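Enquirer: There's a structure below that I have some questions on.
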Amino acid sequence: MVDSRKCLVGVVGGNSFGFAVTLDLVEQGFFVVVVDPSVLDPQDIIDPSIGNFMFNTVHSAFEHGLLEITNDLSKLNQATLIFDCVGIEDCSLRKNAEVILPHLQENSCYIIKNTVPVGTGDSLQEWFDQRDKKIEVISYPELYREETAPVPINQPSYIVLGGDVLHPGIHSLRRLLYRDSLPIIMTSRKEAEMIKLAVSTFIATKLSFVNQMASLCEAMGIDIVTVARTIGIDPGIGQAYLQPGIGVVEPYLKEVELTMEQANRKGVLTPLLDAVLKVDQNQKNWVITKLTRKYPIVKGKKIAVWGGNMIGVEGILQQLAAQCTEIKLHYITQLDNTIEQMAWFSNHMDAVEDTQALIILSNLREYIESDLDFIKQKMITPFIVDAMSLFPPEMMEDRGFEYISVGRKV
């Protein structure tokens, strides 16, 4: 059994995904070196935009000597496992490999963590073999759990490792990853990459299905929450990913599009996935449709947005900005403010003051436990567009709010 305390692991990529992978490895007792040669000052690699929790945890690991952050590729010389968290396409991975190759030791494992086109791992393995480098490429896709998506690194439901099942490197990695009795499935690289795309496209299909049902329920005066929870009892359907909202989050969408691109190259039609994207595009307009129904002229209005930790909130903000709206945003991390009329608030309750509408895009606990009477008092007009259906409509009406939520009678 490999002693994780003596095992140096390299992570290439100082982005939020790279640090999510890093924290999972650190929690298991590995010593990790994060390398990002594109950054001049290593301290700049730790970007606060990765989120407060992740930012603080990274700093703690750094202070306890479990983590080294550098732009020096030579630090990878002693690593036996190298996780590539940068490349998302074959050309990107090839470029990374060309830069990293001189710093890799023989018999190390080059692990692809990002979603890639099917066949990428085999192509990269062939590239290493042509250069007489004894490097084993392993496709180790990230698989999500609903409650932790889209940064689910430390709570997977199962683990898939794709590579040469006879190679000792993949078995060493399997032993190192074994924890909590999670199933570990050994496959070929292509199968592992296809599993990742299949999982993401199925989740996107399920989300688009429940949003389509939400539109029907809304038109018929039926509560989608009751419908979704009930059909989720059926073991053939399940409760996961039956929460209606404003559409499929960006990571899943990119993987649906990648799946469709691969199918198109092989001459395979994808009418189901075409429909998924069409439903999703319609759902992305749900918020602005409800807002303009209340305010045909949105210009000059102050709109509070509770974005929480939602990925893809920028799309909604751009829609609001196009209406010349003043936006008061609460978000877990401060976004790059490219919208002139947007102000960022660290406290979600401060964001609602003197506003004509509140848009809810996340189900953070602090949103659910908010003081509704205080919100009503602070708002100019107590009008809420809730894409997460956090509150019972009857209760909100009794509290004096004009309340619109996904999949409920308007």
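The values are calculated or read from the model by the stated rules, or taken from the named source; none is laboratory data. Because the structure is predicted, anything quoted here is derived from the model rather than measured. Cβ sites come from the backbone with ideal geometry, for glycine too, and all protein chains shown count toward neighbours. When the accessible area is computed, the model is the full protein with side chains, heavy atoms only, and any ligands, DNA or RNA have been set aside. Shrake-Rupley method; radii C 1.70, N 1.55, O 1.52, S 1.80 Å.
Enquirer: Of the conditions (1) in contact with a Ser or Thr (Cβ under 7 Å, 6 or more places away or on another chain); (2) surrounded by fewer than 20 Cβ atoms within 10 Å (Cβ to Cβ), ASP274 fails just one. Which one is it?
Expert: Among (1) in contact with a Ser or Thr (Cβ under 7 Å, 6 or more places away or on another chain); (2) surrounded by fewer than 20 Cβ atoms within 10 Å (Cβ to Cβ), the lone unmet condition for ASP274 is (1).
Enquirer: Next up: For the list (1) at pLDDT 80 or above; (2) under 20 Å from the mean Cα position of the chain (by Cα), I need the number of the one condition that ILE311 fails.
Expert: That leaves (1) as the condition not met.
Enquirer: For GLY407, indicate whether it is within 24 Å of PRO251 (Cβ to Cβ), more than 22 Å from the chain's Cα centre (by Cα) and modelled with pLDDT of 90 or more. Don't jump to the end; show me each part of the working.
Expert: Numbers: within 24 Å of PRO251 (Cβ to Cβ): yes; more than 22 Å from the chain's Cα centre (by Cα): yes; modelled with pLDDT of 90 or more: yes.
Yes: the conditions hold for GLY407.
Enquirer: Something else: Checking the conditions here, which among ILE380, ILE368 is without any contact (Cβ under 8 Å) to a residue 40 or more places away in the chain and among the β-branched types (Val, Ile, Thr)? So that I can check it myself, show each step before the final result.
Expert: On the way: ILE380 fails: without any contact (Cβ under 8 Å) to a residue 40 or more places away in the chain.
Testing whether each residue is without any contact (Cβ under 8 Å) to a residue 40 or more places away in the chain and among the β-branched types (Val, Ile, Thr) leaves just ILE368.
Enquirer: Condition first: among the hydrophobic types (A, V, I, L, M, F, W, C), open to solvent by 10 Å² or more (accessible area, probe 1.4 Å) and in a helix (DSSP H, G or I). Can you find one or more residues in segment 112-121 that meet it?
Expert: To start, the set of residues in segment 112-121 that are among the hydrophobic types (A, V, I, L, M, F, W, C) comprises 112, 116, 118.
From what's left, open to solvent by 10 Å² or more (accessible area, probe 1.4 Å): 118.
Adding the requirement that they be in a helix (DSSP H, G or I) leaves none.
Checking segment 112-121: not a single residue is among the hydrophobic types (A, V, I, L, M, F, W, C), open to solvent by 10 Å² or more (accessible area, probe 1.4 Å) and in a helix (DSSP H, G or I).
Enquirer: Pick from segment 259-314 the residues that are hydroxyl-bearing (Ser, Thr, Tyr) and without any contact (Cβ under 8 Å) to a residue 12 or more places away in the chain: which of them is nearest to LYS378 (Cα to Cα)?
Expert: It comes out as THR289.
Enquirer: Of everything in segment 221-252 that's closer than 30 Å to PHE17 by Cα and hydroxyl-bearing (Ser, Thr, Tyr), which residue is modelled with the highest pLDDT?
Expert: Applying the filter and picking the extreme gives TYR241.
Enquirer: Tally the residues that are in a loop (DSSP other than H, G, I, E, B) and of a type outside the set (D, E, K, R), restricting the search to segment 205-230. Explain how you work it out, then say what you get.
Expert: Going residue by residue through segment 205-230, those that are in a loop (DSSP other than H, G, I, E, B) are 221-223.
From what's left, of a type outside the set (D, E, K, R): 221-222.
The number of residues fulfilling the criteria is 2.
Enquirer: Check MET260 against each of (1) outside any helix (DSSP H, G or I); (2) open to solvent by less than 80 Å² (accessible area, probe 1.4 Å) and name the one condition it does not meet.
Expert: Result: MET260 fails condition (1) only.
Enquirer: How about segment 222-257: which of its residues are open to solvent by 40 Å² or more (accessible area, probe 1.4 Å) and not hydrophobic (A, V, I, L, M, F, W, C)?
Expert: ASP223, THR226, ARG229, THR230, ASP234, PRO235, GLY236, GLN239, GLN243, GLU250, LYS254, GLU257
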